[in-house]
Amino acid sequence: MSQALHPMLNIAIKAARAAGAIINRAALDVERLQVSSKSHNDFVTEVDLAAEAAIIDTILGAYPTHGILAEESGRERGNKTSEFVWIIDPLDGTTNFIHGFPVYAVSIALAWRGQVQQAVVYDPARNDLFYASRGKGAYLNDRRLRVSKRTRMLDSLIGTGFPFRKGDNFQRYMKMFEEVMVQCAGLRRPGAASLDLCYVAAGFYDGFFETGLSPWDIAAGSLMITEAGGLVGNFTGEADFLFQREIVAGTPRIYGQLVKTLEPYSRVIADAALADGIQGEASADASEEVVAALQSAEATAQDEAQAEEPKPVTRKRITAAAKAAESGKRGGDAPF
């Protein structure tokens, strides 16, 4: 890599590559994997667990006081009160992986006070490394990323993800699917949201939308998009997509058109589905706790920023007539 990287981004890249090595070794013989089900259509393998452990070991080895939010282990490790929280998906696209379909990735993001600052998404099957630092741009390997220049939905390729967990409203999703499908050139669903978001940043897609996602699915990819000149939000265009379990992203013009289409379907996933379908009950509770902590940290940071802003000085304009009246008043009140 030609450019100097932030030290924390370097650690994230080191951790992602360590996890990728574990995944690639396992991919040589996926038939031998031990697979268990967290819920309907939601799988975890020994590879997920080993990759996650390698990531956390690498991160805490460099930053032992930082917090951790990982898909499989929740907040079991790390400092639960730190303003720095690493948001980790060790193997995004597990279903693809266990079937030998080579679309999956490692996703690592670092949030400070609720705002993502560093991001890495590593595709071990292709050895593609997406990475970004806030304010420094997004890259694929050594190539700077920019979103596409397309402005018309009719010309656009849009990525999505099908609902597949208990509690997801598939019929309502089909209505969204139909509305978007008739407006664009095509819809794609590879099955790894972190890569989908990176593909928007790289200009491969012009937009993306999905419901039912968790912070570890989208934290890293969302920074890639904004650093590549795109927009990301929830279905109503608000910036709190990380917590709303719905996301839309795209080029500025395509994003606006997608929001207009998807706004009536906002918040179609019940908050209760987090504990019901994403993962085990214990780690779901931990995830809810850290999401609340991230929201609180973001609100605190915003309050502090507003408090630090200098208050505008208001100047009162005094007319000549007002000056004369004031002089007369002072003259009448002055003692002799």
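The values are calculated or read from the model by the stated rules, or taken from the named source; none is laboratory data. Since this is a predicted model, take the numbers as computed values, not measurements. Here the Cβ positions follow ideal geometry from the backbone for every residue, glycine too, while neighbour counts run over all protein chains shown. Heavy atoms of the whole protein, side chains included, go into the accessibility calculation; ligands, DNA and RNA do not. Shrake-Rupley method; radii C 1.70, N 1.55, O 1.52, S 1.80 Å.
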> On the given criteria, is residue 51 modelled with pLDDT of 95 or more, among the hydrophobic types (A, V, I, L, M, F, W, C) and open to solvent by 20 Å² or more (accessible area, probe 1.4 Å)?
Replying inline: no
> Among (1) part of a helix (DSSP H, G or I); (2) modelled with pLDDT of 95 or more; (3) open to solvent by 40 Å² or more (accessible area, probe 1.4 Å), which single condition is residue 65 missing?
Replying inline: (1)
> Which condition number in (1) touching a Pro at 6+ places or on another chain (Cβ under 9 Å); (2) under 27 Å from residue 86 (Cβ atoms) is the one that residue 233 fails?
Replying inline: (1)
> Is it true that residue 101 is touching a Ser or Thr at 6+ places or on another chain (Cβ under 9 Å) and of a type in the set (Phe, Trp, Tyr)?
Replying inline: yes
> Can you pull out the residues in segment 209-240 that are at pLDDT below 95, open to solvent by 30 Å² or more (accessible area, probe 1.4 Å) and either farther than 25 Å from residue 74 by Cα or part of a strand (DSSP E or B) (or both)?
Replying inline: 236, 237, 238
> Which fully enclosed strands (runs of 3 or more DSSP E) of segment 72-154 have 2 or more residues being under 21 Å from residue 21 (Cβ atoms) and open to solvent by 40 Å² or more (accessible area, probe 1.4 Å)?
Replying inline: none
> Pairs, please: C-beta under 6 Å, at least 6 apart or cross-chain, first residue modelled with pLDDT under 95 and in segment 241-261, second in a helix (DSSP H, G or I) and hydrophobic (A, V, I, L, M, F, W, C)?
Replying inline: 243/291
> Between residues in segment 61-87 that are polar (S, T, N, Q) and residues that are modelled with pLDDT of 95 or more and surrounded by 16 or more Cβ atoms within 10 Å (Cβ to Cβ), which pairs lie under 7 Å by C-beta distance while being six or more apart or on different chains?
Replying inline: 65/79; 65/82; 73/52; 79/66; 79/67; 82/66; 82/67
> Any residue in segment 111-126 that is free of Cβ contacts under 8 Å to residues at least 60 places away in the same chain and within 23 Å of residue 203 (Cα to Cα)?
Replying inline: yes
> Taking interchain pairs and intrachain pairs at least six residues apart, which have beta carbon atoms under 9 angstrom, with the first residue in segment 217-238 and at positive phi and the second open to solvent by less than 10 Å² (accessible area, probe 1.4 Å) and in a loop (DSSP other than H, G, I, E, B)?
Replying inline: 229/145; 229/251
> How many residues, within segment 171-190, are within 23 Å of the chain's Cα centre (by Cα) and more than 24 Å from residue 150 (Cα to Cα)?
Replying inline: 1
> What do you reckon, is residue 201 outside any helix (DSSP H, G or I), of a type in the set (Gly, Ala, Ser), open to solvent by less than 10 Å² (accessible area, probe 1.4 Å) and in contact with a helix residue (DSSP H, G or I) (Cβ under 6 Å, 6 or more places away or on another chain)?
Replying inline: no
